[in-house]
Amino acid sequence: MSKVKKKVKAIKIDLDKCNGCRACEMICSSFHATPKYSSNNPARSRIRLIREPLRDIYLPVYAGENAAAECMGRDKYVIDGKEYDECGFCRAACPSRDIFKEPDSGLPLKCDMCEGEEKPLCVQWCLTDALTYEEREEEVEEEEKPDELEIGLEALVDKYGLQKIMDAIARKSMSKKG
Ligand code: SF4
Ligand code: SF4
């Protein structure tokens, strides 16, 4: 395998600076609306706030990979005396909870770093600098990655089963021919 240069994009989260304003959720859901900026709905955001003002807990979490099955156990973190929700730091869309799922279709959401934009919009809209953006280059082995279509198909197969998806495609292709 040959080596290639890869751009690594990272968003640093400083929990102490987050005030729970939810501007990041608003701009993310608005950027990903169809058409772009036509609506905002935090349920469609790829960043979500675990927010408990009475306990002074504000925890931004980014949507990561989809998990087809829920974990056998649970994580619970206590940091500086604050006890965070079970699975509070987990980035996965998972069958055990509603977070990071497109509300209408139930399909998993994943942060795409605002593809096409120079800098992630959640970072630009975070006025307290709780979110900051970093970019660096790394040398990595070249590998084939699944594209968006494959990721979407995999999620559909997990949800409905392969046979149902194949039947639906066969019906679609028959109706196109007709
Ligand atoms: S980087 Fe873009 S896609 Fe990811 S959470 Fe922030 S606004 Fe949403
Ligand atoms: S925009 Fe920044 S301060 Fe506001 S909730 Fe998001 S991370 Fe926290």
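Some observations on this one:
- Reach of Lys3 by Cα under 16 Å, taken over aspartates and glutamates that are not fewer than 8 positions away in the same chain: Glu137, Glu138, Glu139, Glu141, Glu142, Glu143, Glu144
- Under Karplus coefficients 6.51, -1.76 and 1.60, residue-wise ³J(HN,Hα) of segment 80-97 in Hz, glycine/proline x: 6, x, 9, 9, 8, 4, 4, 6, x, 8, 6, 9, 8, 6, 8, x, 7, 7
- When the charge dipole of segment 24-132 is built from unit charges on Cβ atoms (+1 for Lys and Arg, -1 for Asp and Glu) and taken about the Cα centre, the candidate among Asn40, Leu54, Gly116 whose Cα reaches farthest toward its positive end is Asn40.
- Gyration tensor verdict on segment 111-159 (Cα atoms; rounded if a/c is under 1.5, prolate if a/b is larger than b/c, oblate otherwise): oblate
- Spin-label pair Leu107/Asp167, simplified geometry with 7 Å Cα→Cβ offset, distance in nm: 2.1 nm
- The heavy atoms of Met26 offer some 70 square angstrom of accessible surface to a 1.4 angstrom probe.
- Unpaired cysteine residues in the chain (no second Cys Cβ under 4.7 Å): Cys18, Cys21, Cys28, Cys71, Cys94, Cys111, Cys114, Cys126.
- Cross-link partners of Lys9 among lysines (Cα-Cα below 25 Å; sequence separation of 8 or more within a chain): Lys17, Lys36, Lys101, Lys110, Lys119, Lys145
- For the chain, the solvent-accessible area works out to 69 Å² per residue, with a probe of 1.4 Å and every protein chain left in place.
- Rg in Å to one decimal, and Dmax rounded to a whole Å, for segment 57-151 via C-alpha atoms: 16.0, 44
- Dipole of the chain, positive end: most advanced residue of Ala68, Gln163, Ala10 [Cβ charges, Cα centre]: Gln163
- Residue-averaged [θ]222 nm for the chain, counting only DSSP H segments that reach four residues, each worth -39500 (n - 2.57): -7500 deg cm²/dmol
- With all protein chains in place and a 1.4 Å probe, the accessible surface of the chain carries 51 percent carbon and sulfur.
- Amide proton proximity set for Leu109, modelled H, under 5 Å, gap of 5+: Lys101, Glu102
- Within the chain: Cβ-based charge dipole about Cα centre, in debye rounded to nearest 20 (Lys, Arg +1; Asp, Glu -1): 720 debye
The values are calculated or read from the model by the stated rules, or taken from the named source; none is laboratory data. Keep in mind that this is a model prediction, so the values were computed, not measured. Note: ideal-geometry Cβ built from the backbone for every residue, glycine included; neighbour counts use all protein chains shown. Please note that ligands, DNA and RNA were not included when accessible areas were found on the heavy atoms of the full protein model with its side chains. Shrake-Rupley method; radii C 1.70, N 1.55, O 1.52, S 1.80 Å.
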